[in-house]
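The values are calculated or read from the model by the stated rules, or taken from the named source; none is laboratory data. Every value quoted in this text rests on a predicted model; they were computed, and no experiment measured them. A quick note on method: Cβ atoms are made from the backbone with ideal geometry, for glycine too, and the neighbour counts reach across all protein chains shown.
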Amino acid sequence: MIKSGSVLIAFVLCLLAGDANSSLSVTCNGNPQQAYQKINSKYYFIWHTKVSWFNAAHVCRRLGGDLVLIESEEEMTSVSNFLLSQGYDGSAWFWTSGNDITQNRRFQSITNGMPLSYTKWSHGEPDNAGGNEHCVHLWLRDGSFKMNDWICNERAQVLCQNQNHTRCWEAYN
Ligand SMILES: [Ca+2]
């Protein structure tokens, strides 16, 4: 009884500590520790090495997260403002979880398996240029980061998220 109570208190303290911090450190199955940064209600990290969209999905999972799923105007704005504050400019492109690989023009998220509930396409997008653009990334257009469909095998940096601590819970510290 005492032991379970202590565990509960430790658990609550852990939750409180997590809320107070603006970062989260995750280690999954011996991979290097990954620090996520809290922006509003979600944790994110940027993988700077440019990789294909397919590789990006694996990178995020390997490090305890998922490709980012931007779900609202509020989230899009806060993510865009964060990227701008970090000095990212028009040369920085970031893969997201959006794609229409399984059915052309029906964009879904590989992170939650659902149709995208929110999109913020840049002007003229998605245009499926060349008939070969099926993965969604963020780029800086008209003063803020917005979405574009692009060739999945092209390489970009990666924006991963961690939401609701659904992965590697036992490894959080
Ligand atoms: Ca496009």
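Using the structure shown, decide if SER72 is out of contact with any Phe, Trp or Tyr (no Cβ under 6 Å at 6 or more places or on another chain) and of a type in the set (S, T, N, Q). No. Of all residues in region 120-146, those satisfying the criterion of being assigned to a strand (DSSP E or B) and either within 11 Å of the ligand (Cβ to nearest atom) or touching a His at 6+ places or on another chain (Cβ under 9 Å) (or both) are TRP121, CYS135, VAL136, HIS137, TRP139, ARG141, LYS146.
Filter region 100-119 down to residues that are within 17 Å of the chain's Cα centre (by Cα) and within 16 Å of the ligand (Cβ to nearest atom) and give me whichever is surrounded by the fewest Cβ atoms within 10 Å (Cβ to Cβ). The qualifying residue surrounded by the fewest Cβ atoms within 10 Å (Cβ to Cβ) is THR119. Taking each residue of region 89-106 that is touching a residue at least 12 places away in the same chain (Cβ under 8 Å) and part of a strand (DSSP E or B) and looking for partners that are charged (D, E, K, R) and surrounded by fewer than 24 Cβ atoms within 10 Å (Cβ to Cβ) with beta-carbon atoms closer than 7 Å, six or more apart or interchain, yields SER97/ASP66.
Restrict the check to region 39-49 and report whether at least one residue is touching a Ser or Thr at 6+ places or on another chain (Cβ under 6 Å), assigned to a strand (DSSP E or B) and at pLDDT below 95.
From region 39-49, those touching a Ser or Thr at 6+ places or on another chain (Cβ under 6 Å) are 39-40; that's our starting set.
Of the ones still in play, those that are also assigned to a strand (DSSP E or B) are 39.
Cutting the leftovers down to at pLDDT below 95 gives us 39.
Yes, region 39-49 has at least one match.
For region 88-99: of the residues being among the polar types (S, T, N, Q) and either in contact with a helix residue (DSSP H, G or I) (Cβ under 8 Å, 6 or more places away or on another chain) or over 16 Å from ARG141 (Cβ atoms) (or both), which is surrounded by the fewest Cβ atoms within 10 Å (Cβ to Cβ)?
Within region 88-99, the subset among the polar types (S, T, N, Q) is 91, 96-97, 99.
Add one more test, that the residue is either in contact with a helix residue (DSSP H, G or I) (Cβ under 8 Å, 6 or more places away or on another chain) or over 16 Å from ARG141 (Cβ atoms) (or both), and what stays is 97, 99.
Details: SER97: 26, ASN99: 22.
Among them, the one singled out is ASN99.
A residue that is surrounded by 15 or more Cβ atoms within 10 Å (Cβ to Cβ), assigned to a loop (DSSP other than H, G, I, E, B) and under 13 Å from the mean Cα position of the chain (by Cα) occurs somewhere in region 151-163. Are any residues in region 95-129 hydroxyl-bearing (Ser, Thr, Tyr) and in contact with a Leu (Cβ under 8 Å, 6 or more places away or on another chain), and if so, which ones? THR96, SER97, SER109, THR111 - these are the residues of region 95-129 that are hydroxyl-bearing (Ser, Thr, Tyr) and in contact with a Leu (Cβ under 8 Å, 6 or more places away or on another chain).
The listed residues are SER85, SER72, and the only one of them that is surrounded by fewer than 22 Cβ atoms within 10 Å (Cβ to Cβ), over 22 Å from ILE151 (Cβ atoms) and in contact (Cβ under 8 Å) with a residue 12 or more places away in the chain turns out to be SER72.
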